[in-house]
Every structure is written in C-alpha cells, then in structure tokens.
Amino acid sequence: MMKKLFNLLLLPVLIFGISKVSAQGISFDKYHTNDEVQQILNSLQTGNSGSVKLHTIATSPGGEEVKVLEIGSSLEDVPAIFVGANFEGDRPISTEGALYLAQMLLDSSKYTENIKWYILPQPNPDAAAGYFADVKYNLSVNQFEINKDVDEALNEDGFEDLNGDGLITKMRVKDIEGSYVVSKNDARIMVRAKTSKGERGAYKIYTEGIDNDADGKYNEDGPGGINVGIAFPHLFPRDKKEAGRFSGETPEVYGILRFIYDRPEIAMVYTLGSSDFCAVQPKGGRKGGANLSNIKLPGRYARMFGADPNKTYTMEQVIEMVKPQVPPGMEVTPSMVAGFLGLGAAVNPLDADLKFYKNFNQEYKKFLEAKNYKTEALDPAPAKDGSFELWAYYHLGVPSFSMNLFTVPKVKEEKKEENGALSLDEVEKMETEEFVALGEEKIDAFLKENNATKFNAKTVIDMMESGKVTPKQMVAMLKNMPKPEKEEGELSDKDKALLAWSESHWEGKGFVTWEAAEHPTLGDVEIGGYAPYLESTPKAELIDSLASIKIPWLLQLSTKMPELKIADSKTTELGKGVYKLEVFVENKGEIAYPISMGERNNYPAPVMLVLDGDIEILEGTKRMKVGSIGSNQVKKLSWIVKAKINSTIDARLESVVFTDDVKQIKIGG
Amino acid sequence: MKHTILSALLIFGFAFVFAADKGKIEVPLRFDRYYNYEEVNEALKVLNAAYPELTKLDMIGKSEEGREIYALTINNPETGDELSKPGVYVDGNIHGNEIQAGEVCLYYANMLLTKYGENEKVTKVVDRNAHYIIPVVNVDGRFHFFEDGNTPSTNRSIRVAKDDDKDGLFDEDPPDDLDGDGNICQMRIKDPYGQYKVDSEDERILVRVKPGEKGEYTLLGYEGIDNDEDGRINEDAEGYLDPNRNWGYNWMPPYVQRGAGNFPLSGVGLKAINDYINARPNIIIGYAFHNTGGMWLRVPAEKSIEIPASDVAAYDVIGKEAIKITPGYVYKPAYELYPTYGDFDSHLYFIHGAYSFVGELFMRSQETYKEEQKGPKEDDLESLRGGTRTERSREQLEFNDKVAQGELYKEWKKFDHPVYGEIEIGGWVKMSSRLPHPFMLQDLVHRNAAVVFLSAEHTPEIIMEVFDIQEIGNNLHQVRVRIENENGLAAMTAQAFKDKLYELDRLIVKGGKVVAGGKINDVRLNKVSYKEDKPEIQFFALPGHSQVEYQFLIEGKGDVTIDFESRKAKNVSTKISL
C-alpha cells in the first residue's frame, strides 16, 4: 500500500486567523436556515436603509419568498454586478458566501462607490431547507409538483430513513443479478464488477427506503420538484424531469430572469456554487456549436458575396464581405452574420473571452497563494447544462464568474519516482518545432506517462510535421482521454479524498458504516455509505475562514470591469467653417465591452456618443455607436461638421450600463 | 414636435373609432364585418349573456399595456364537468395584424351555441367536449392594428419595446401615418434616374425599368419620416417580440430566433394563456389561427425533431380532411415552411400533450377578377400561377376597383414630405392583402371553423368491453377486457407517452386481488405479456381508431370494477361480478 500524507492542515488561517468583527452583526459560525437568511437580509436592509433595498422577486412552490438584496440603491447611472448563490440548494456554504460578500460590501464603501450590487443568496429556498431537515439527502429540488414515475399517484415513493440515523444513504443487498462487488482495497467501497475480467457481481445497490408504491422501483417518486440550478434557458436539459418542462416554468427561475432583464445595467455576474470559473475557464469542446473561425458559406450567400462555397472563412472575413452589401451606416456585427447564416446558438466559450478567463485564473491562483491557501482539492464540477452561470455568459453576454468555496482536499501521495517526463501543461505551451525537437525518447516517455500507449513518438512527430495536429491540440485530446486505470482494487482519488476528509473533519461519520438491517421487501440488507453533504458542505467552523480567503477575490474582480470614458478630442479645420471632429473613447477596464459573447448575442446595451451643440453635421450622425472596445483600448469616432469657430459642443458618452461621461469640445480650440 | 402632432392624430383617431356605430352587437353574431378589440370583448359578452348555462367567460390575464384577455368556455355542465371531457382549444390573432383569426374563433363559438339543440352534430359536440376559445391572444396588437396607421403586415409584435437598431433608444422610429388615413402605404418620388416606371396598362403599378431604359420613379419605402435623425427611416418600430417565438418548448434566444424575447414566456399575456391551458389538462387538440397563405401546419416546427408515426397518423386524419374543407390550403409540417423555435404549436404538443395545428387563413389568389377558365394551357406555368407578377397586380387592382369598390387600395396622392419634398403616397391599405374583404369573410370563417369542429368530433371516444370471463381453478378468474378508441385522435399522444409528460393513461382493476395481468398479444394463442409489478394497473397510450386487450387473473369472488383513467379522454368504468 502506498503511503499517504493527509493534508489535515487544510487552512492555516483557521488556526492563526481571527475573524473580523463586522458592523453588520452576522456570525458565520453556523449555517443559516432560510428563516435566518431572511432575517439577516431584513436586518441588513433596516441597518443600511439609505443604501440597501430588498426586492421580493418570486415565491417558491413551497411558499418561500425569493429575495434580492440591492446594495447601492441610492446610486444612479452606474454598472451593476449580480451575485447568485446556491441555485441547486444543496450547497449551503454558497449562501453563506453571498451573505459574507454582502457584509464586506456594507462594511467598507470601497467597492460600492461606482458599482451597484444585487445579491441573491437563496434562489432555491425549498431545496435549501433540505440541509436542516431531520432526514438529509442532498435535496436539490423545490416543491413544484412533478409526477416523476408518471403513475397514478404523486410523490408517493420517497426515501425512508430505515436505520434512523437522520441520513439517507445506500442499501446493499446480496443478489445473484447484482453488478457490484466490495472493493478489494476498502471494504466500505462498492465498485462495479469487471465482467470483462471474468469478475461477477454480488450486490445490488439501492437508495435507502422502501418501495412504497410496490412498483418494483425504490424511491423514484419522492416529494419535489424542479432544480432551480438546471432550469435556465441555455442548454436547457429538457430530458431531465427535475429541470421542469421548459425554462422558467418554476417561479424562482422566471422571477430571476425577469429581474435581471429589467436591469440592463448588470454588466457582470457571479455565481457561488459547484463550478468555478475563477479557478478553471469555462469548458469548451462541445459538439454542435458553430466554429466562427471556420465558416462555410452556403451557395447563394457565397455568390452574393463573391466568395468560394468550398472554402471556409473567419467571422472577420465574412463581416468584410457583408459590409459593402448593407446600407451605409449600418453596422455589421458577428451576431447579424451568425443570424442570417443560421449558425445557431453558441455552445462553447469564444476564444477572445477565454483569454481573460485564463488571465484571471492565473491571478486567482496567485491571490490564493498569497493568502497561504495552498490546499489541493478535488476539481470543481463543470457548470451544468441549464445552470445560471452558463446562462449569464451565453445569453446576457457578460463576464460570468462562478466560485466554488469548498471541495474536499485531495489526499497527497508520495510522488512517484521522477521519470523526467514532461507535464501536459508544459507541452501545451510548446510550439510544434519545440516539441518535435525533444526527440523520440522524451516524447515516448511523455506519451507513456499520459497513458497514450496507442501512439508512439514517430507517428506523433509525423502528424505534427505534416500540420495535422499541434502540441496544444494533442494535449486537449490527451486530457479528454479516459483516466488510466488504477492498480487492481485501488480507490479513486475521490473516494480516497472523501474517506480521508470524513476521518479528519467528520469524526469518521462522513461514511456510515454498513450495518445489517431487515428490509420489508428486500430481506437482509446492509445500510451505509457516504453521508449527504459530505462532499459539498464542510463543518460550519470552516465557513468564516473559507469565505474570508476566497470571497475578497470577487471584490478584486469587480475592479476589472470595463470602464468607458471620453479620453480626448480633436478638431481640425478643413476650411470655411467646416471641421473634422474626432472623439477618442477609451476602455480603462481589464475586460472588453462587450465581451466576445456579447458581440455574438447582441444583447449588451449599446454605448453611444451623442453630440449636442450649434452645429450642422455633414458626415456622421448625432448619435454615433461606439461599438466594441477591447480592454485598455481606444476607439476613434469622427464627424465632418459645419460650425462657428470657438463655439462649443457637448460630447456625451451615453449608455444604460456605464456612468455617462460628458466632454465639452471647443471648435477650433 | 412631429411626434406630438402624430400622437395627437392617434388620439383623435381613437376617439373617432369609439364614436362610430357599426351596428349593435347581438346574437347571432354577424360575420360580414371585422370586430375591433373592444367589439370582440362585447361579442363574447353577448354570447355569454345569451347562453349562460352553456358558457363561461373568464378574464384570464392582462397584456403589457393592461388590456384584458378573455377566454370563453363552452361546456354543457349537465353532461359532465368540463375537465372530464376531451378539451378543444382555439385561439387567434397572436400576431396583432392577423385579425380575421379572431373572427374564426368568434364564429366557432357562435356556431356551436346558435345551432345547439337544432343541429344534431353540433349538439353532440357541445355535449361531449369542452371548448376553450380565446379569439384574441395579442390584445394590444389587435387594438393598435385598428387604431393606428398600419400596413397589412405591421404591428405583429407583443408590446415589449426593443431597440431594433441598437442605438440606445427603444421603438423610436416607427412608420408614420403621414396623411392620417389610418394606413401605412408606400411612398414614391418622381425621379428620372429612378429604377421604376408605371405599368403600361395600369399606372398605379410600378415596374422595374430595363437596363438603359429611363426611369420615372424611385420607391421610398413605407410611409414615414426619420424620427430619430439617424439617416434611416422606420428602422425601429414597435417590438419586435414575436408572440409565436416566445413559448417554452425548444425556445432559442433572440440572436438565434428573431423575436424570441429575452426568455420563454416573457410576454405577460402569453404567460397568462400558458397558465390557463395548464389548468385545463383535458385539452387534447388546439388550433392557433394566423394569416396568411392557406395552410394547415402541424408539428414539428424544426426538422431535427421527429414525432412518433402514430401521432402523424392522427394529424393526418384531420389534416387530409382539412384541405378538402378549405380548398386550396395545403397541409404539411411547419418546418417545411421555415424552422421556428419557441412557437406556440410545439409548446402545446410537447409541453401540454395536445395535438396542435396552425391555420394560416386566406389566400390572395381568391381575389379573382376573370372569366372562368377551362383549365390551364399545357406547359404554361405562368397561367398556372395566375400570370406574371404584373398581371396578378393588374387583376388584384381590377378586383379592388370592380369587386371591392375601391376599398382595398389607396390611389397615389401628392404629399409634401418634410425631408423628401413632393412625393406621392399610395398602395394597398391595411385591411387588404392578408385579410379577405368582409364579403368573403363569412365563407372563410365557416370553412375554418368546420375544421375545428371536425377535430372535436375526432377527439377520443373510449369504449370498454369485458369480453371474456373464465374460471380457471384455484379460486382464480381469467378476465379479458377490450379498450377501443372509436375516433381518430389518441387518448394520449404517443409523444407524451414517450416523454412521460404526465401520469400515463391506465386501466385499473379494483376490488379483487390481481395475481397477474398484462397485455394480450394474441388472443387466440393466449399470448400475454404479464407486467411484473402491480399487475392491477396497466399503463398505455391508445392511438386513434385502435383497440387493445388486457387479461387479468383475479383471485376470489365478488364485485370487481375496471376503470379506464385518462387525463384527456373521458374516463370509463365497468363493473363485473365473479
């Protein structure tokens, strides 16, 4: 057996740090029930009535109100950030994180001077109640009525806590048709029998409960409902019953959508939950999305634009082809082109956006390191289809950052003997020439290390030299390959981590030891398995420290928002009172406006430069579109005008998102 | 400034319409006229007042501009609760300009009520079904179509402002009714370099000049001014949020599906209608009437989606009859027209489990002015299509002049345009092109209502027969039951069954202990697929014109009840004694 070093010291600050006393009086030493969350929201509102407003945006099917806390309600004409947490209801630490953020924002005015914040700590209150229930089972659905087994009765076959421990775990039953066996490495863990290796299953596994409706299925129609966290309209998973029949069917989702679309000033969205775009860029590689750098033009459009229907073009190239075909003054946008070509919905993050995600991922890593937070934890989950964070990116077209406050720490293993093989990350950054220059020996070692035994160095070098694949593409392929099989009987990283975490932080109670019981229909069973919430929810003592380390990053991110200003202007006399007028607009932020996805979906509000004064415009319009501006870039807008020398005009940068900026321009000055 | 004058004109027009007296609205309703928004409501109220025992009038919600949306229920409570009967849903005018769809709905209600007790077939359909009728879905749209200047094709949207030209202003540059006649017509200007000249036979028609030929006119588009001074005219009219792209099933965002709205059912009136339908799970078939083109469209609306063959067969039962009831109409899946996402019909079929049809009312080819021809000449495609475009225009204008007494077309008239100077305004008026002249309305509303009526007749009718009971020893009885659907529409669509959309239709044996039960695959060979668990309940979806047989082995003696339970078909029950 390999030696293991448990990373018991998860959080240095837990021992050395002393949590600050907040003026807002919220204590983060426990998870708050929904009633308590509501009380906190109310007290934040009454304690800060000049700057805080509370909006009730929906009532859940279970009768709970869904509320948004507005911080900076007295501010006008400023961009806003929307923060949602715990959409699936089974991650109470995210709700705490949202309250923690609210507290930080109210304790100091630093991040609320020019930004309005909308905070939604409890979008799925029905499901959130599950953590506080007498019997716990990772509840993620609300009380919307859904007949999940479509029989004659509703909610008639839920779980039962047969062993009375307050937790719904698993039942294992010896069964000749079973497909599970007990792991050779750890008698607690059940694994699928490897029939390919002649192994035969011995157990069936059920969730804890009885077959109340005697239909042969166990616990298939318990109370609830819709999972708010998978019911948003981007990639709405209509094959999942718990998403509802269509997006927005459940009032929480409908209310959230309405609230956000009523506020076009929302320029950035945060989500506290299971995915983590702060740490890992949003996932790409989904099939079905159009590749905007490889567009094929259908015959009739190809003829119209004088293009070759057999060739592929980039979006920029197509835009240049379309421009001469539209009336003057009409802007040709990627959204328009994608629309008439019928390219469908975007399903992968756009390249230009991945750049800022990547940069901030790296900064976040450094940010955590600087706080001495070096815990290597299990990977955060990828964002789910129908999730809020994906919807915010794809449909609003704004930067969407999700944050996972807690995953279980990995069990550190003694490093295998150093074989000098290059890591995937190292290879990913290499140019083709560089990689080929490594030589066959090193490349073979790299391939072996990554379980790519089907390939050898020679074929890979050939493929690279003929331009079929780049090192970056190869690494992407390797990353998608099934993980190498563990040694016989060895536990998965996740099982190892969960069992260790149970020992170190749950007094061993994170795994309910299998114990024999008598089941009314299954006979002799054993009940046991991982406790609900082990994976997602640390003990309450850790809330404060986790939040105090990670949540400030969200404040830092807020400073990166696009910031649009008039940087300069210039007038040049062309003669006889006719002038060329130029206005330079700059984006001082670290993110483009709109981001690439915003250009694609055309949703973000436009920024206009509006001229006002005693002038006659000969070329250009009074209201001119600024269009997209990259981070730290300048854009020039120009007009030809007739005006009197020394007269003044106002140039106003106008949008519903950003604070308007006015500059007085003196003609000939 | 110009805007104020225009809105003053609008207010004046508004007052004018209300003062107009088009005759009292009374039962039976008249269909030689179009009803404006208020009059539709009035018509529903008089029907409700005349037939209080058969009808119920519900205000089911309000629109973006606060107008009330009404639904009329026709049900005979003496023959049962409405939810126990197969429901037939009809709506119209989801696009604000498609007004005759509302008249079809009104006609359907008027026909059922006024002929009840007189016509045997009508009486049966009123007694056997529940009918839900929403004549005007887009109430704001109907209101503005009548009261504002419009073309036959404008004012389709839900009244949610959208910044079409992305300049930060919303709906700021709509067409303007410059001459104040209630129509948005065409503008043309004399121009020796123009691309158009007048037609040799009818100088109201403009035809393109040939290369090198001198022109006479330039077409300037629809009546309007550049309200926002951005160098473009009429580029940001009301909306556009297409009420037939805003439904939940297969909804796609606006950058994929134009007019989708920001999120499914963001239109408040549409949301109210969805809630209304959701509360009536007995609806098994629904119609949404539109104009124009003469089509019966069924799902799917997008070609990557497939529906089960038995549902297509049920659609065909209606569709293939419908094209004979409405000669000239075609019947086809909606995606063959163009793909749509978030359309009402797909929502009705995939979310609410009801067969759904779009009726695209009216074909302009019915506006004829010619001698009857004894069939087209061979190889003469143009005469098959009704001539060249110019020939069709000439005929349409003759129809206007000599059949419709000039009511469909506005003669070109000089107008002093604030930007263009002297122009001419003229062309087809809003109550033309997509709308039949009122004299043709009666025929249109009756034929289309007859199709809805036919589908009501085809809603499932379930017959249960216990056709064999045998004692087989050990205190067991073998009981065989046949369930038959006599009509063309299934009791539960195959798609709903496949999607597990709601509790499945089922047969339940009550009162005896069922030892085994299952579907009979071959009655003569006694081949039965027994269900492993809970044999007393058998789930299935019964297609139209079909039957299915089940066998139960029941222990003991005494009374046993066999129930057929269905969300949409009428439940039936049989009692046997063992």
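The values are calculated or read from the model by the stated rules, or taken from the named source; none is laboratory data. If you're wondering where the values come from, they're calculated on a predicted model, not measured in any experiment. Note: ideal-geometry Cβ built from the backbone for every residue, glycine included; neighbour counts use all protein chains shown.
Mind checking whether some residue in segment B:229-251 is buried (at least 19 other Cβ atoms within 10 Å of the Cβ) and at positive phi?
Scanning segment B:229-251 turns up at least one residue that is buried (at least 19 other Cβ atoms within 10 Å of the Cβ) and at positive phi.
Note down all Cβ pairs under 6 Å where the first residue falls in segment A:527-542 and is closer than 15 Å to A:E208 by Cβ, the second is of a type in the set (S, T, Y), and they're at least six residues apart or on different chains.
Qualifying pairs under 6 Å: A:G528/A:T169; A:G528/A:T513; A:G529/A:T169; A:P532/A:Y137.
Mind listing just one residue for me: the one in segment B:190-229 that is of a type in the set (A, V, I, L, M, F, W, C) and touching a residue at least 24 places away in the same chain (Cβ under 8 Å) and, of those, farthest from the other protein chains (Cβ to nearest Cβ)?
Residue satisfying both the conditions and the ranking: B:I205.
Identify, from the list A:E526, A:E518, the residue that is in contact with a Lys or Arg (Cβ under 6 Å, 6 or more places away or on another chain) and either in a strand (DSSP E or B) or at pLDDT below 95 (or both).
Exactly one residue qualifies, and that residue is A:E526.
Here's a check for you: in segment A:213-244, which residue that is part of a loop (DSSP other than H, G, I, E, B) and hydrophobic (A, V, I, L, M, F, W, C) is nearest to the other protein chains (Cβ to nearest Cβ)?
It comes out as A:A214.
State whether one or more residues within segment A:356-370 are acidic (D, E), under 19 Å from the mean Cα position of the chain (by Cα), more than 14 Å from every other protein chain (Cβ to nearest Cβ) and surrounded by 17 or more Cβ atoms within 10 Å (Cβ to Cβ).
no
Here is a list: A:E320, A:E331. Which entry is out of contact with any helix residue (DSSP H, G or I) (no Cβ under 8 Å at 6 or more places or on another chain) and within 14 Å of another protein chain (Cβ to nearest Cβ)?
A:E331
Among the listed residues A:N138, A:N142, which satisfies the condition of being in contact (Cβ under 8 Å) with a residue 24 or more places away in the chain, surrounded by 17 or more Cβ atoms within 10 Å (Cβ to Cβ), away from chain B (no Cβ under 14 Å) and on the phi > 0 side of the Ramachandran plot?
A:N138
Take segment B:522-539 and flag every residue that is under 44 Å from the mean Cα position of the chain (by Cα) and over 22 Å from A:D211 (Cβ atoms).
B:D522, B:V523, B:V528
Examine segment A:617-636 for a residue that is β-branched (V, I, T), surrounded by 16 or more Cβ atoms within 10 Å (Cβ to Cβ), under 30 Å from A:S108 (Cβ atoms) and within 12 Å of chain B (Cβ to nearest Cβ), and state whether such a residue exists.
no
Restricting to segment A:617-644, what's the tally of residues that are touching a residue at least 40 places away in the same chain (Cβ under 8 Å) and part of a strand (DSSP E or B)?
12
For segment A:48-72, what are the residues that are of a type outside the set (S, T, Y), part of a loop (DSSP other than H, G, I, E, B) and crowded, with 17+ Cβ neighbours inside 10 Å?
A:N48, A:P61, A:G62, A:E64, A:G72
Exactly one of (1) in a loop (DSSP other than H, G, I, E, B); (2) within 14 Å of another protein chain (Cβ to nearest Cβ) is unmet by A:V337. Its number?
Against the list (1) in a loop (DSSP other than H, G, I, E, B); (2) within 14 Å of another protein chain (Cβ to nearest Cβ), A:V337 comes up short only on (1).
Quick one: which strands (runs of 3 or more DSSP E) sit completely within segment B:479-578 and have at least 2 residues that are more than 12 Å from chain A (Cβ to nearest Cβ) and either closer than 30 Å to B:N129 by Cα or without any contact (Cβ under 8 Å) to a residue 12 or more places away in the chain (or both)?
The qualifying strands (runs of 3 or more DSSP E) are B:513-522, B:527-530, B:546-555, B:559-565, B:572-577.
Quick one: which of B:G353, B:G328, B:G342 is in the same structural domain as B:N274 (by TED's automatic domain parsing) and out of contact with any Phe, Trp or Tyr (no Cβ under 8 Å at 6 or more places or on another chain)?
B:G328
Kindly indicate the residue of segment A:320-335 that is of a type in the set (A, V, I, L, M) and over 13 Å from A:Y301 (Cβ atoms) and also surrounded by the fewest Cβ atoms within 10 Å (Cβ to Cβ) among those meeting that condition.
Per the criteria, the residue is A:V326.
Quick check: is even one residue across segment B:172-180 more than 16 Å from B:K430 (Cα to Cα) and modelled with pLDDT of 95 or more?
For segment B:172-180, residues more than 16 Å from B:K430 (Cα to Cα) and modelled with pLDDT of 95 or more: present.
I'm told A:T312 meets every condition in (1) crowded, with 21+ Cβ neighbours inside 10 Å; (2) more than 30 Å from A:V626 (Cβ to Cβ) except one. Can you identify the failing condition by its number?
Only one criterion is unmet by A:T312, namely (1).
Under 7 Å by Cβ, and 6 or more places apart or on different chains, what pairs join a residue from segment B:374-402 that is of a type in the set (V, I, T) with one that is modelled with pLDDT of 90 or more?
Every condition considered, the pairs that remain are B:T390/B:D199; B:T390/B:I205; B:T390/B:V207.
Is it the case that B:G117 is modelled with pLDDT under 95 and surrounded by fewer than 18 Cβ atoms within 10 Å (Cβ to Cβ)?
The answer is no for B:G117.
In segment A:647-669, which residue that is in a loop (DSSP other than H, G, I, E, B) and more than 32 Å from the chain's Cα centre (by Cα) is surrounded by the fewest Cβ atoms within 10 Å (Cβ to Cβ)?
A:G669
Which of the residues spanning segment A:245-255 are crowded, with 21+ Cβ neighbours inside 10 Å and more than 8 Å from chain B (Cβ to nearest Cβ)?
Residues satisfying the conditions are A:T250, A:E252, A:V253, A:G255.
Please indicate, with yes or no, whether at least one residue in segment A:393-400 is closer than 30 Å to A:V322 by Cα and among the small types (G, A, S).
Yes.
With (1) free of Cβ contacts under 8 Å to residues at least 60 places away in the same chain; (2) within 30 Å of A:S387 (Cα to Cα); (3) in a loop (DSSP other than H, G, I, E, B) as the list, and A:S109 as the residue in question, which single condition is left unmet?
(2)
Please go through (1) in a loop (DSSP other than H, G, I, E, B); (2) modelled with pLDDT of 80 or more; (3) of a type in the set (F, W, Y) for A:F446 and return the number of the only condition it doesn't satisfy.
(1)
If the requirement is being within 15 Å of the chain's Cα centre (by Cα), within 14 Å of chain B (Cβ to nearest Cβ) and closer than 14 Å to A:L272 by Cβ, which of these qualifies: A:F406, A:F388, A:F401?
Within the list A:F406, A:F388, A:F401, the selection yields A:F388.
Restricting the search to segment A:361-395, which residues are part of a helix (DSSP H, G or I) and within 21 Å of A:I119 (Cβ to Cβ)?
The answer is A:Y364, A:F388, A:E389, A:L390, A:W391, A:A392, A:Y393, A:H395.
Take the conditions away from chain B (no Cβ under 12 Å), assigned to a loop (DSSP other than H, G, I, E, B), surrounded by 16 or more Cβ atoms within 10 Å (Cβ to Cβ) and not hydroxyl-bearing (S, T, Y) and apply them to A:G164. Does it pass?
Answer is no for this residue.
Give the residue, chosen from B:Y249, B:Y329, that is touching a residue at least 24 places away in the same chain (Cβ under 8 Å), hydroxyl-bearing (S, T, Y) and away from chain A (no Cβ under 14 Å).
Just one listed residue meets the conditions, B:Y329.
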